[in-house]
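Down below is the structure, laid out as structure tokens.
The values are calculated or read from the model by the stated rules, or taken from the named source; none is laboratory data. Remember, it's a predicted structure, so these values are computed and weren't measured experimentally. In case anyone asks, the SASA skips ligands and DNA or RNA and just uses the protein heavy atoms, side chains included. Shrake-Rupley method; radii C 1.70, N 1.55, O 1.52, S 1.80 Å.
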Amino acid sequence: MAQNYVIMARKNLLKPDEAPKYYAVARSGKKVSVKEVCKRITERSSYSKGELEGCIGEFLLEIVNVLEEGNIVQMGDLGNFRMSLKTGTPTATEKEFKAYCIEKGKVLFHPGSDLQKLCKAMDFTLYKSDNKSDSKEDEPLPDGGGSDPDDGESPDPTL
């Protein structure tokens with residue numbers, strides 16, 4: 001199946017006088033819950049929905065525990081989870097640096113071979129809505145179109 005995308009104009013904030021350039025932005029369909037994923041797996045395996053939901057819940061709890069210990073979670077071909085830090089106040093010397101200089105922590109995910117293969121083999125299709133109304137409340141936002149600027153892929157304005 002092909003990945004849908006929309007085309008969005010984005011300005012370079014470092015060069016506000018330049019005309020915006022157009023970029024492809026992935027358009028997600030619906031959100032699929034853990035319950036729905038478990039239901040799909042149940043239909044093709046001998047696991048019950050409750051067993052799967054319980055295992056996933058415990059697995060996610062253990063991922064948090066491993067990350068809190070300062071370790072990297074390796075999930076085979078799926079990929080790795082690790083912690084990253086954002087320094088809010090850099091200092092001139094190492095001695096001046098204190099923990100309060102760190103603004104926040106963040107979990108990074110690095111895809112493994114299965115997801116990398118998926119990305120390389122993906123086809124792309126321009127999304128065209130059948131509904132031409134002005135209301136966009138019912139349409140899911142394209143990936144990267146949410147309120148968190150750290151989500152999604154945005155062009156590097158320095159390029």
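Looking at segment 65-117, the accessible area is 77 square angstrom per residue; that uses a 1.4 Å probe and ignores ligands, DNA and RNA. Length gained on full extension, Glu51 to Leu14, computed as 0.36 nm times the residue gap minus the Cα-Cα distance: 8.2 nm.
Which whole number in µm²/s is D for segment 28-75 by Stokes-Einstein, with the Kirkwood Rh taken over Cα pairs at 20 °C and 1.002 mPa s? Working shown, then result.
Values: Rh = 12.2 Å.
Using the Kirkwood radius from Cα pairs, D works out to 175 µm²/s.
Over segment 1-125, what is the mean sequence separation of C-alpha contacts under 8 Å (at least six apart), divided by residue count, expressed as relative contact order in percent? Relative contact order comes out at 23 percent.
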